[in-house]
Amino acid sequence: MGLCLLFALCVSGCQDEASLDEIRRMHAQNRFAASLEPLRVRLVANPDDPELNYLYGLTLLETGSPDTAIWSLRKAARSEKWARASGIRLGQAALATQEWENAIAIANQVLESDPETIEALLIRANARLEQKTDPSAALEDFERVLDIDPTHLDAHAAKVATLIAIGDVDEAAAGIIRLEELAIAANAQPDFRARVCTIAALFASERGLDDEADQRFSDCRSEFPDNRTLVESYVGYLDEKGRVDEAHQVLRATLARNADDSALRISLARRLISTQRFDESAQLLEEGTKRPDLAVASDAWAAFADHYAAKGELSQAADAYQKSLDMREESTVFHRLTYADILAQAERNEEALEVASQLENDVYRGLIEARVAINRDDPAKALARLDLVLPNWPNNPGARYWAARAAEQLGDFPRAIEEYRQSIRSGAGFTDSGIRLARLHLAEGAGEAAWGAVSRYVDEHPNDPEAAELMMKIASVHGPDSRLQGVVRTLVSRPSWPFAVAARAQIVARAIGPKQGFDTIRKASNLDLSRQANLPALRGLVDLLIEFDQPAEALQAVDEALKKTLEIATQKKVQRPDLLILRGRALGANGRGAEAKRVLEEAIAQTPLDASAHEALGIVLANTGASDEAMQQFARARELDPERSTAYLEAAMHHLDAGEKERAAELWRALLK
């Protein structure tokens, strides 16, 4: 046995190793992936060597694992010789992981020893821009770079973009002219010329010159049709103008020419997912999984995990991510951590812990163990574990988020608020901390704080329907009329507008009167309630009509929408289970339980994964005395959508009416999770 073990060790460790000079040459040739294994072998023998740690950290950074690169770069930074280079790379890693405050702190350390380090100035400037709190300070950094190197094209471009952001029109206009001159004089690469072209188009948009902006974007796209920066900026411009379908078309057309561009495919898929166009996102990603390039197929399966998660199908999300990993030649620590996290979200706890046990870093293991503890109704254990993680990874938005969730379950609301705030500061786009923080502030009557939290969230998630509802509620109750008017102007052209209309109608009905609430949807919104995109508004109308004892009108409203869509649906063979669900609810409210049951069962046959259909059927069954069947439907609704509060409340109230207080309490506790 001993000889066999020794032989095995020699097979892996006694072979010829790449020399340090060979590794350096690999880096000079941008062959970072090829250097990964030779560096690992050398680090086993010399774990504290500063140059090896620097090169390994750089390799991880360049191969897409900035979160893992941090540990090696920190070790290298302890060496005086490697402190400056490692500091710059640490700053770049912090930018890549969106740890803005950390990036600024690292850049400051480098600049203390060498105030003219251009890389550090750019790191700090870009982090300040991303923080969106002090663009003037970012502008000063860009100007310092240009004082040191007047020909630095990237700094010129960033300076102009910053001038546009802070509204300095004259300086921005002069800067664009200067940029165009520099691009010509330097015979700049196409990517830089596309960037200049994009900045000019955005500048026209900022001044309200939409026709000029359209023309400039058109000219830019003719010359640089597939430039990533240009495409992303044009899509953002179209979104801002409410031309969302046009933006989708731009992405589809670009993807058709670049079918192996995973980032483009994932971007479009996420847009479709955010507007719940799941059939389209599934088709798009399925096409990606069939690409011959295994890396592209793997990326598509990973994105499928997001698709399933958005639908509440977490176990399928975990399976999709596993398929992604199976296609990779080598998975990174980040990939394995992500897989463990998805398993934990799916409450496949033992599998999650098994994957986590294979992670060498205790911080990573701690994240998963805490998540599993929350699954197992032990928030105290989760918070204690996270208290060991956070000192080592203070700017991890996910860790802060789950610390907040655990504190909230324990009733420690001050801690929950502080953790949500830190999660937002560390990465507003990673979690729904902004939504949850806004709700906590609303519960304590702090309207202004709630407004600040949801506004920050909407900056990162402009089409989120839940955020639109919350913005409308806060603006309707807290703040001046101008705030409400601003919300209307912002949301009216977005896909989330029908959700906001329903939220406003609910407030008006309760504060002013039912009729005014009904009219908010029927008249003031100018929405065609028969269109599928406007279903949230129709649902809101039906809810209000039922709440205010007008079930016959609720049924009439649904039947009018059905009648209007019947001819189109017949011609295109389109099913509208969403309208069937509303009709079933309205029939139930009218005391026509048997009809309601048939309609809802038909809807479930067409869309078995719609939690609202199961919940509606549960209500009908409960009202007709079929208690056990009703509880099964409520349970199915909760399984499909764990965040669906009404599926918990309806079941809890039924148990309470039946004298089953403990079962009702269990559901309320589950809802608090």
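The values are calculated or read from the model by the stated rules, or taken from the named source; none is laboratory data. Remember, it's a predicted structure, so these values are computed and weren't measured experimentally. Virtual Cβ from ideal backbone geometry, glycine too; neighbours counted across all protein chains shown. Note: accessible area is taken over every heavy atom of the protein model, side chains too, but ligands, DNA and RNA are not part of it. Shrake-Rupley method; radii C 1.70, N 1.55, O 1.52, S 1.80 Å.
Where does helix 627-640 land angle-wise versus the long Cα axis of the chain, in degrees 0 to 90, nearest 10? With rounding to tens, the tilt is 30 degrees. In order along segment 432-443, the Karplus-derived 3J(HN,Hα) couplings, from 6.51 cos²θ - 1.76 cosθ + 1.60 at θ = phi - 60°, round to 9, 4, x, 5, 5, 5, 4, 5, 4, 5, 4, 4 Hz, and Gly and Pro are given as x. The distance separating the Cα centre of segment 344-414 from that of segment 82-137 comes to 29 Å.
Here the extension length gained between Gln29 and Arg598 equals 198.1 nm, from 0.36 nm per residue of separation less the Cα-Cα distance.
Just the protein heavy atoms count here, and of the accessible area of the chain at 1.4 Å, carbon and sulfur take up 50 percent. In order along segment 420-430, phi translates into HN-Hα couplings of 4, 4, 5, 4, 5, 4, 6, x, 5, x, 7 Hz, rounded to whole numbers, per the Karplus curve 6.51 cos²θ - 1.76 cosθ + 1.60 with θ = phi - 60° and x for Gly and Pro. Annotation: average projected area of segment 151-215 is 4.1 square nanometres, based on the convex hull of Cα atoms across all directions. Every Cα-Cα pair of the chain was included, and the share exceeding 40 Å stands at 38 percent. You can think of it this way: the chain between Asn590 and Arg270 has 111.3 nm of extra reach, that is 0.36 nm per residue less the Cα-Cα gap. The Cα atoms of segment 215-323 define a convex hull whose projected area, averaged across directions, is 6.8 nm². On a per residue basis, the convex hull of the C-alpha atoms belonging to segment 292-413 measures out at 106 Å³. Ordering Phe142, Ala127, Val235 by Cα displacement along the dipole of segment 122-277 toward the positive end leaves Val235 in first place; charges were set at the Cβ atoms of Lys, Arg (+1) and Asp, Glu (-1). Counting only Cα atoms, the size of segment 535-671 along its three principal axes is 51, 30, 26 Å, in decreasing order. Helix 210-223 and the longest principal axis of the C-alpha atoms of the chain enclose an angle of approximately 50°. Potential lengthening of the chain between Glu448 and Met653 amounts to 70.5 nm, from the contour at 0.36 nm per residue minus the alpha-carbon distance.
Inter-part distance, segment 656-673 to segment 171-193, computed on C-alpha centroids, equals 65 Å.
Shape summary: segment 344-471 maps onto an equivalent ellipsoid whose semi-axes, from the alpha-carbon gyration tensor, are 27, 15, 13 Å in decreasing order.
Dividing the convex hull volume of the alpha-carbon atoms in segment 36-164 by its residue count gives 103 Å³ per residue.
The tail of the calculated P(r) for segment 124-281, taken as Cα-Cα distances beyond 20 Å, holds 55 percent of the pairs. On the beta carbon distance between Gln358 and Lys132, with R0 = 25 Å, the FRET formula returns roughly 0.05. At a Cα cut-off below 18 Å, give the aspartates and glutamates reachable from Lys564, other chains included and same-chain residues fewer than 8 away excluded. Counting by Cα, and skipping residues close in sequence, Lys564 has these aspartates and glutamates nearby: Asp528, Glu553, Asp578. For segment 405-535, the Cα-based Rg and Dmax, in that order, read 15.6, 45 Å. Here Lys381 is the anchor, and the aspartates and glutamates within straight C-alpha reach of less than 18 Å, apart from those fewer than 8 places off in the same chain, are Asp341, Glu347, Glu350, Asp362, Glu369, Glu408, Asp412, Glu419. Just to verify a number: FRET efficiency for Ala256 and Ser455, C-beta to C-beta distance, R0 = 41 Å, to 0.05? For Ala256 and Ser455, the calculated efficiency is 0.70.
Under 30 Å of direct C-alpha separation, and excluding same-chain neighbours fewer than eight residues apart, Lys473 reaches these lysines: Lys132, Lys241, Lys311, Lys515, Lys523, Lys673. Report the normalised scattering of segment 476-557 as log10 I(q)/I(0) at q = 0.18 Å⁻¹, calculated by the Debye formula with identical scatterers on the alpha carbons. Those come out to -0.71, one per q. Computed with a 1.4 Å probe over protein heavy atoms only, the accessible surface of segment 90-132 comes to 43 Å² per residue. Converting the Cα gyration tensor eigenvalues of segment 291-352 into ellipsoid dimensions via √(5λ) gives semi-axes, longest first, of 19, 14, 7 Å.
Across segment 250-304 the C-alpha pair distances fall into 5 Å bins from zero in the proportions 4, 24, 35, 25, 10, 1 percent. Each 10 Å bin from zero holds the following percent of Cα-Cα pairs in segment 97-179: 20, 50, 26, 4. Spacing of the modelled spin labels on Phe430 and Arg228, each 7 Å from Cα toward Cβ, amounts to 2.1 nm.
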